[in-house]
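The values are calculated or read from the model by the stated rules, or taken from the named source; none is laboratory data. Predicted model, so just to flag it, every value in this text is computed and none were measured. Counting neighbours? That spans all protein chains shown, and the Cβs are built from the backbone with ideal geometry, glycine included.
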Amino acid sequence: MTRAARLSLWCLVALAVAAAVVPAMSPQDGQVLADGLVEPLGRDGSGHWHLFGTDRFGRDLVVRILVAARLSLAIGIGGSLLASAVGVAVGAWAGWSRGVVDRVAMALADMLLAIPRLILLLLVAALWQPGAGTVVLVLAVTGWMGVARMIRAEVLGVRELPFVQGATALGSRPARLLWRHVVPNAIGPAIVATTLGVGNAIVLESGLAFLGLGVQPPDPSWGNMIAGGRELIVTAPWIAIAPGLALILTVLATTVIGDALRDHLSGHRVVVLADRA
Amino acid sequence: MHALVRRALDAFLLFWLVVTLTFILVRAAPGDTADLLVPPSASAGDVARARAEFGLDAPLATQYARWVGLVFSGDLGESFALREPVSRILGRTLPVSLWLGTCSLALTFLLGIGVAFWQVRHAGSRLDTAVTSATIAVYAAPSYWVALTLVAVFTYGAARLGFPHWARLPAFGMTDPARIGFSLSSVADLLRHSVLPVAVLTSVGAAGIARYGRSRLLDLLHEDWVRTARAKGLSTRQVHRIHLLWNALPTLVVLLGLALPGVVAGSVFVETVFAWPGMGRAMLSAIASRDYPVVMGVTIAYAFVVIVANLIADLLLPALDPRRRG
């Protein structure tokens, strides 16, 4: 593991721990603390010091960013995991059975890939009730195609290897053979895609929240915090900028970890280009 | 020629599937569309009349056939909210998005590929590592956040730091409302208004291209022909300038197809933050008012742009890479 990847991992762990601990120590989960807008590094009326300042309701931004980290991280990790799970299932099934199933699954994937992911997200998120659960579901529905294609290609290769024939000769049933022997040998790229997908999911989630189609206030997510600061961007820009820095740091960390994982697993560098918000 | 026709047919089929998918998605949404067409105080009769007026009382199969017919005749139906043909709304907003998208895509490529080539020439140096870190960081930034930060710099920052007049770029709108009509100054005005939105889309896009391009170019440098070229006495610079560039071209064309959806989608945020009257904003306001015909129309327009771009990329490939000629 490279130094950068180790550092990134520690950053993420620190963020997760801080998100779990710090808000609990501050009164009312970072709700109103000051009596109004405080600039970064400024002090409020009662003398309390605020690193990133406060928003217009007097809520400390650091605490609020950490509260938002809970939802943003959960949605990012959950959305990416669910998308990969669907992708692995569909891709493995398609590559294993070939024929009609394969054709239908890949046509569906091509079709969903033809619409930019963000537009697809907007379309689906807008038609259903907005909320954290919907966002995770929508991320899965719009994010499984890449993994499915990758797994399918791997399965098509692995199924021709001698050990598959051996397992068949030993009387292994096809379903068992697929899940116990073929998929574990084909899963490497999916693990990398899932890790890189976390950062992507966080960016997309925040984008939806920014447009008012994701996590709804008063539940804080980085996206709706940035949206909340938008009106005051001319007079108090730190409200929108601070949560963005937390988001960038998190996505940066997951990308570095994903890159390291890929170099480790595949031995060569392939960069995946993804739709970003 | 045979492969060409087949590829075009595939693209057409894909487009038809997308048209079908949009119909299914919108139809599967919870709630009765007709309820949205009338004020809450409307009687049952009014709802039924509205339903009939917009053809929502027909069987699903009929509605689907009508929808497909509309799309392929280029009509796309009428907006619920604006009572205006969707095609006219698209005609008004598409050029705005295309202007934004084309400028950004062109600059994205020049910048992204330039940075990638520069990095490959200095591969392994400290500067290379620094630039790689920078591209990952920019790539990690959501475009709307970059946009808001730029707005902050050119409003809040400009006031505090006392920017000179020429550096005070407009942070909102596509044109100055005071300047109407076509003239040299109105073109200059459009360009001035375009700087910030295009810069946002370009920086985020170019970071992705540079990242991808660098790793792809480094892979290419391990190929046998590089060693052959060096062995026959060409300088590193010549190998990079001529051999590498030509061999990387097919990859770059594929990248163009891959990068397009990102730029298209990014324009939704950029149009929102900078208040540009493009397709992305039309989509968002249509979503807010549940204006399904506009939502469907814009989705299809986006998919159309992406499919056509990928088709062009696919057709260009055999011209650039003899191995792909069948």
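Filtering segment B:233-256 to residues that are hydrophobic (A, V, I, L, M, F, W, C) and assigned to a helix (DSSP H, G or I) leaves B:239, B:242, B:244, B:245, B:246, B:248, B:249, B:252, B:253, B:254, B:255, B:256.
When residue A:153 is tested against (1) assigned to a helix (DSSP H, G or I); (2) within 14 Å of chain B (Cβ to nearest Cβ); (3) in contact (Cβ under 8 Å) with a residue 12 or more places away in the chain, exactly one condition is not met: (2).
Okay, residues lined up against (1) in a helix (DSSP H, G or I); (2) surrounded by 14 or more Cβ atoms within 10 Å (Cβ to Cβ); (3) without any contact (Cβ under 8 Å) to a residue 24 or more places away in the chain:
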residue	(1), (2), (3)
B:127	yes, no, yes
B:132	yes, yes, no
B:155	yes, yes, yes
B:158	yes, yes, yes
B:169	no, yes, no
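Answer yes or no: is there a residue in segment A:96-117 that is under 19 Å from the mean Cα position of the chain (by Cα), more than 8 Å from chain B (Cβ to nearest Cβ) and part of a helix (DSSP H, G or I). So far as segment A:96-117 goes, yes, one or more of its residues are under 19 Å from the mean Cα position of the chain (by Cα), more than 8 Å from chain B (Cβ to nearest Cβ) and part of a helix (DSSP H, G or I). Set side by side, the residues A:85, A:74, A:89 differ, and just one is at pLDDT 80 or above and under 16 Å from residue A:247 (Cα atoms), which is A:74.
Could you tell me whether segment A:84-101 includes any residue that is at negative phi and touching a Ser or Thr at 6+ places or on another chain (Cβ under 7 Å)? Yes, because at least one residue in segment A:84-101 is at negative phi and touching a Ser or Thr at 6+ places or on another chain (Cβ under 7 Å). Of the residues B:254, B:270, only one is over 30 Å from residue B:193 (Cβ atoms), in contact (Cβ under 8 Å) with a residue 12 or more places away in the chain and within 14 Å of chain A (Cβ to nearest Cβ); which? Exactly one residue qualifies, and that residue is B:254. Which of the residues that make up segment B:273-293 are at positive phi and facing chain A (nearest Cβ under 9 Å)? Listed by number, the list holds a single entry, B:290. For segment B:273-290, the set of residues classified as crowded, with 24+ Cβ neighbours inside 10 Å, closer than 19 Å to residue A:130 by Cβ and in contact (Cβ under 8 Å) with a residue 60 or more places away in the chain consists of B:280, B:286, listed by residue number.
Okay, residues lined up against (1) surrounded by fewer than 24 Cβ atoms within 10 Å (Cβ to Cβ); (2) within 14 Å of chain B (Cβ to nearest Cβ); (3) part of a helix (DSSP H, G or I):
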site: A:120; (1), (2), (3): no, yes, yes
site: A:124; (1), (2), (3): yes, yes, yes
site: A:133; (1), (2), (3): yes, no, yes
site: A:141; (1), (2), (3): yes, yes, yes
site: A:149; (1), (2), (3): yes, yes, yes
site: A:172; (1), (2), (3): yes, no, no
site: A:200; (1), (2), (3): no, yes, yes
site: A:203; (1), (2), (3): no, yes, yes
site: A:214; (1), (2), (3): no, yes, no
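The one condition from (1) in contact with a strand residue (DSSP E or B) (Cβ under 9 Å, 6 or more places away or on another chain); (2) under 14 Å from residue B:141 (Cβ atoms) that residue A:239 does not meet is (2). Taking the conditions exactly as written (within 21 Å of residue B:287 (Cβ to Cβ), free of Cβ contacts under 8 Å to residues at least 60 places away in the same chain, assigned to a helix (DSSP H, G or I) and over 12 Å from the mean Cα position of the chain (by Cα)), does residue B:88 satisfy them or not? Here the answer is yes, as residue B:88 does meet what is asked.
Going through A:261, A:245, A:249 one at a time, which residue ends up being free of Cβ contacts under 8 Å to residues at least 24 places away in the same chain, assigned to a helix (DSSP H, G or I), surrounded by fewer than 23 Cβ atoms within 10 Å (Cβ to Cβ) and more than 7 Å from every other protein chain (Cβ to nearest Cβ)? Exactly one of A:261, A:245, A:249 is free of Cβ contacts under 8 Å to residues at least 24 places away in the same chain, assigned to a helix (DSSP H, G or I), surrounded by fewer than 23 Cβ atoms within 10 Å (Cβ to Cβ) and more than 7 Å from every other protein chain (Cβ to nearest Cβ), namely A:245. Number of residues in segment A:216-239 that are part of a loop (DSSP other than H, G, I, E, B), touching a Leu at 6+ places or on another chain (Cβ under 8 Å) and within 9 Å of chain B (Cβ to nearest Cβ): the value is 3.
I'd like to check something: does segment A:177-191 contain any residue that is within 14 Å of chain B (Cβ to nearest Cβ) and assigned to a helix (DSSP H, G or I)? Within segment A:177-191, none of the residues are within 14 Å of chain B (Cβ to nearest Cβ) and assigned to a helix (DSSP H, G or I). If you check every pair at least six apart or on different chains, which have Cβ atoms under 7 Å apart with a residue in segment A:1-20 that is of a type in the set (Val, Ile, Thr) first and a residue that is assigned to a helix (DSSP H, G or I) second? Qualifying pairs under 7 Å: A:2/A:260.
Under the condition of being at the interface with chain A (Cβ under 9 Å from one of its Cβ atoms) and more than 30 Å from residue A:195 (Cα to Cα), the residues counted in segment B:134-170 number 7.
The lone criterion from (1) in a helix (DSSP H, G or I); (2) surrounded by fewer than 18 Cβ atoms within 10 Å (Cβ to Cβ); (3) more than 14 Å from chain A (Cβ to nearest Cβ) left unmet by residue B:82 is number (1).
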